[in-house]
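The values are calculated or read from the model by the stated rules, or taken from the named source; none is laboratory data. Keep in mind the model is a prediction, meaning the values are calculated, not measured. Note that we place each Cβ from the backbone using ideal geometry, even for glycine, and neighbour counts take in every protein chain shown.
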């Protein structure tokens, strides 16, 4: 028996799911084989979890991490928690380089944004595609052997839609990306809907949008089922990691695969701006600690302006938009000014992190952004403030 256990651990196909019914919403595409080969041969691996608060919390992420450690006990794993509450796939795409890729090549990326693309960002299909596809393409350009698993978490709206025989828009869009790039996906939303409808448990027991341990265990076990399907048999003799080829065409040519931050030194700020750590104690509204200790580009007065030359198809800012969030007037290449409202539905009580694009789907060429804080503002806002964690650009030319 000891010898059998040693063989199981050696090849990474230990299973805790052999007696569980297979879940049809575990969509296996590919075999995660590049990751297994590296774990076994090099005895190290970089696992990244990217998403919103569902990822940031101690939920499915530590469960899956422990499963990997048990499957590969001789492997030293670096686990990166790149979850940030409230953020959507757009923000994920634009912070991927800073928060993930700069930490080194990724072996497996677990990514979830279905819930926040819905209830936080209220994304269209195009926005869902551009964010998730941008993440996939940027990661695969950084490490063409990287494995990716997309998990669709669940909220009340998705339960309602599945109950009507409809698919939630972000789930459908992210599944398009998964199918186009042949990525495995975990449709937790559909499984939970089906099992609640069958009377196995209710929404309260699952734990809601931020699942209880019971709900997170369901998600982790579905990922465990995927691992079983991929890693039950030992690697083929002489197996070697392969490079994943990009499809000839992306789903959306305006996807955010070139998402990255702009060096503030390249931005021309008027004197009214401050690049500093704000005195948050004097600013009304709740704050999250991660944002209160970092430099912010802050402008609070109407008329404060900036300009920046950039190459790319989109430009914007990753902001914390609180009770005093303002509106900006933006112009591209000297064209007509358009107003962009930074205030979010959740800004009333929180300095809410969100990525706001000032221009999108531009010709991928050289452009100039001119921005000015407007005297106009959302009627719910108590001020005209702009607080940018970073300004961002989608410049895919840097990936070539």
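Below is a table of values for the structure above.
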read-out: Enumerated helices (runs of 4 or more DSSP H) restricted to the stretch 178-236, each holding at least 1 residues that are within 21 Å of residue 109 (Cβ to Cβ) and modelled with pLDDT of 95 or more; value: 188-197, 213-231
read-out: Search result, residues across the stretch 355-380 that are touching a helix residue (DSSP H, G or I) at 6+ places or on another chain (Cβ under 7 Å) and either assigned to a strand (DSSP E or B) or over 18 Å from residue 391 (Cα atoms) (or both); value: 355
read-out: Subset of the stretch 284-321 [on the phi > 0 side of the Ramachandran plot and in a loop (DSSP other than H, G, I, E, B)]; value: 285, 303
read-out: Residue pairs meeting the criteria (Cβ under 8 Å; at least 6 apart or on separate chains; first assigned by TED's automatic domain parsing to the domain that holds residue 174, in the stretch 21-36; second in a loop (DSSP other than H, G, I, E, B) and surrounded by fewer than 16 Cβ atoms within 10 Å (Cβ to Cβ)); value: 29/182; 30/182; 33/239; 33/241; 33/242; 34/241; 34/242
read-out: Search result, residues across the stretch 62-72 that are in contact with a helix residue (DSSP H, G or I) (Cβ under 6 Å, 6 or more places away or on another chain), in a helix (DSSP H, G or I) and under 25 Å from residue 142 (Cα atoms); value: 64
read-out: Single match in 150, 129, 135 (criterion: in a strand (DSSP E or B) and touching a helix residue (DSSP H, G or I) at 6+ places or on another chain (Cβ under 7 Å)); value: 150
read-out: Qualifying position, being in a loop (DSSP other than H, G, I, E, B), under 27 Å from the mean Cα position of the chain (by Cα) and surrounded by fewer than 21 Cβ atoms within 10 Å (Cβ to Cβ), among 348, 335; value: 348
read-out: Selected residue (only one of 287, 293, 249 is surrounded by 13 or more Cβ atoms within 10 Å (Cβ to Cβ) and either outside the structural domain of residue 178 (by TED's automatic domain parsing) or in contact (Cβ under 8 Å) with a residue 24 or more places away in the chain (or both)); value: 287
read-out: Single condition residue 366 does not satisfy, out of (1) free of Cβ contacts under 8 Å to residues at least 60 places away in the same chain; (2) within 28 Å of the chain's Cα centre (by Cα); (3) on the phi > 0 side of the Ramachandran plot; value: (3)
read-out: Residue in the stretch 166-173 that is surrounded by 15 or more Cβ atoms within 10 Å (Cβ to Cβ) and not in a helix (DSSP H, G or I) present; value: yes
read-out: Residue count, the stretch 249-267 (criterion: closer than 17 Å to residue 135 by Cα and in a loop (DSSP other than H, G, I, E, B)); value: 10
read-out: Residues satisfying the stated conditions in the stretch 391-400, i.e. surrounded by fewer than 21 Cβ atoms within 10 Å (Cβ to Cβ) and in contact (Cβ under 8 Å) with a residue 40 or more places away in the chain; value: 395, 397, 398, 399
read-out: Unmet requirement for residue 243, which otherwise passes all of (1) surrounded by fewer than 15 Cβ atoms within 10 Å (Cβ to Cβ); (2) in contact with a strand residue (DSSP E or B) (Cβ under 7 Å, 6 or more places away or on another chain); value: (2)
read-out: Residue within the stretch 87-100 that is in a loop (DSSP other than H, G, I, E, B), under 21 Å from residue 31 (Cβ atoms) and not assigned by TED's automatic domain parsing to the domain that holds residue 290 present; value: no
read-out: Checking residue 134 against (1) under 25 Å from residue 351 (Cα atoms); (2) within 12 Å of the chain's Cα centre (by Cα); (3) in contact (Cβ under 8 Å) with a residue 60 or more places away in the chain, the condition it does not meet; value: (1)
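Matching residues to (1) buried (at least 19 other Cβ atoms within 10 Å of the Cβ); (2) over 11 Å from the mean Cα position of the chain (by Cα); (3) farther than 18 Å from residue 185 by Cβ:
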{"site": "41", "(1), (2), (3)": "no, yes, yes"}
{"site": "45", "(1), (2), (3)": "yes, yes, yes"}
{"site": "53", "(1), (2), (3)": "no, no, yes"}
{"site": "61", "(1), (2), (3)": "yes, yes, no"}
{"site": "76", "(1), (2), (3)": "no, yes, yes"}
{"site": "102", "(1), (2), (3)": "no, yes, yes"}
{"site": "116", "(1), (2), (3)": "yes, no, no"}
{"site": "124", "(1), (2), (3)": "no, yes, yes"}
